[in-house]
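Accompanying notes for the structure given below.
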Amino acid sequence: MTSPRKSTRREFLRGRAAADALQSLVDAGDPPVPLPAPPAARGDSATASYLIQISRRAMAADFEIYLNAGKHGRATEAALRALDTVEALEAQMTVYRSHSDVMDINRRAAEGPVAVEGRLFGILQLAVQLAQETGGAFDLTAGPLSKTWGFYRREGRLPDPEALQQALARVGYRALELDDRRHTIRFLQRGVEIDLNALGKGYALDRCAEVLREAGVDDYLVHGGQSSVLAGGSRVADESSPQGWSIALRHPLKPAQRLAEIWLRDRALGTSGSGVQFFHHHGRRYGHVLDPRTGWPAEGVLSATVLAPNAALADALATACFVMGPEGTREYCLRHPDVAAILVCPGQRSGSLDIQTYGLTDDDWQRLDAHAAGQFPPHSNSDHQPQD
């Protein structure tokens, strides 16, 4: 992984470093996540191209906030408060610290109901709802599978069949009992555990946006680990960018190549893919995105990108769509008109791609021309618009 270069204090104050950092992100080479595309200067004012960048390491990822320089008087202070919120949420939700709220739930919920903080309870409700709506393609109890495959510690390996079956027996959102009135959770089966990694970063971005909006900051782009993005307002301070913020969608296997440009305005984006975490065994590739219903890595999709009203939803659905594949994603988007998706799948010819979109409009994205390079065949884009 190539780290973006550090900003100097002078560059930070000028706003130039953030614009350069956007280009660094695009060139960094971590597939398959979408990244902020380098903006072109618009208008006569050079200030229009300047950005302020504030970043912090949390949740094993770089969280970064981009702001239009000179637009909001106390935006930087608000951004710092927003990133403080991310650190607090990590302490609450992580499964890598024994004292977190989630780990406390995992220790005690099989013995009886455990009281849960209100906002965290709401995220648990969302996770269970999504598990129901996706037929278990998204499941917050899938942690034992990740551990058995070694992906929990980024040490992928082919599991012992018996160990895999034992792990799969402990997976299933139906073993969770949520009490809406008392805000408690109980496990109906021993050995069950919850893990919010698949939507935790997105939820943190949503909370960041709350802090920014409360401070009167309406134009911002926030990302967590680059695969989770939330945008408010527009890239520049005037109306010359009505489509919002430009995000580059990269080739899942060739990160130097960009497949599409996506525009976000008051909307979130999440991407799931196995381009970073995977291993090979006897010539077969195994990715880290596991199907909770079978216990095996999901196949048939190289990356899944979802646009949704909030980042927690986009994050979780990106994982679900990767697992569900084209048909399940199409059906979900038909039922939920506020959700759109882009699936990048292997094409029929070796080395080609099949890009399928669901619920997107021409105002949401622009596919970059790569037919001449043979990256994907003509007419591979299948648009499925939501119907009433």
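So that you can scan it fast, the table gives a plain yes or no per residue for (1) open to solvent by 30 Å² or more (accessible area, probe 1.4 Å); (2) closer than 20 Å to Leu140 by Cα; (3) at pLDDT below 95; (4) of a type in the set (S, T, N, Q):
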position: Lys71; (1), (2), (3), (4): yes, no, yes, no
position: Arg74; (1), (2), (3), (4): yes, no, yes, no
position: Leu80; (1), (2), (3), (4): yes, no, no, no
position: Leu83; (1), (2), (3), (4): no, no, no, no
position: Met93; (1), (2), (3), (4): no, yes, no, no
position: Tyr96; (1), (2), (3), (4): yes, yes, yes, no
position: Ser100; (1), (2), (3), (4): no, yes, no, yes
position: Met103; (1), (2), (3), (4): yes, yes, no, no
position: Asn106; (1), (2), (3), (4): yes, yes, no, yes
_Restricting to region 189-210, name every residue that is touching an Asp or Glu at 6+ places or on another chain (Cβ under 6 Å) and either closer than 18 Å to Val116 by Cβ or in a loop (DSSP other than H, G, I, E, B) (or both)._
Leu199
_Given the condition of a type in the set (S, T, N, Q), closer than 30 Å to Gly233 by Cα, touching a residue at least 24 places away in the same chain (Cβ under 8 Å) and touching a Pro at 6+ places or on another chain (Cβ under 7 Å), answer yes or no: does some residue in region 320-340 qualify?_
no
*Please go through region 291-309 and pick out each residue that is out of contact with any Phe, Trp or Tyr (no Cβ under 8 Å at 6 or more places or on another chain), surrounded by 18 or more Cβ atoms within 10 Å (Cβ to Cβ) and under 27 Å from Asp266 (Cβ atoms).*
Thr305, Val306, Leu307, Ala308
*Given the residues Ile65, Ile52, which is the only one that is closer than 14 Å to Asp219 by Cβ, at pLDDT 95 or above, of a type outside the set (Phe, Trp, Tyr) and surrounded by 21 or more Cβ atoms within 10 Å (Cβ to Cβ)?*
Ile65
*In region 97-118, what residues are more than 19 Å from Arg170 (Cβ to Cβ) and touching a residue at least 24 places away in the same chain (Cβ under 8 Å)?*
Pro113, Ala115, Val116, Glu117, Gly118
*Scan region 330-358 for residues that are assigned to a loop (DSSP other than H, G, I, E, B), open to solvent by 10 Å² or more (accessible area, probe 1.4 Å) and either within 26 Å of Lys254 (Cα to Cα) or of a type in the set (Gly, Ala, Ser) (or both) and jot them down.*
Gly347, Gln348, Arg349, Ser350, Gly351
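The values are calculated or read from the model by the stated rules, or taken from the named source; none is laboratory data. All figures in this text were calculated on a predicted structure; none of them were measured in a lab. When we count neighbours, we look across all protein chains shown, and the Cβ atoms used for this are built from the backbone with ideal geometry, even at glycine. The protein model used for the area step is the full one, side chains on, heavy atoms only, and it has no ligands, DNA or RNA in it. Shrake-Rupley method; radii C 1.70, N 1.55, O 1.52, S 1.80 Å.
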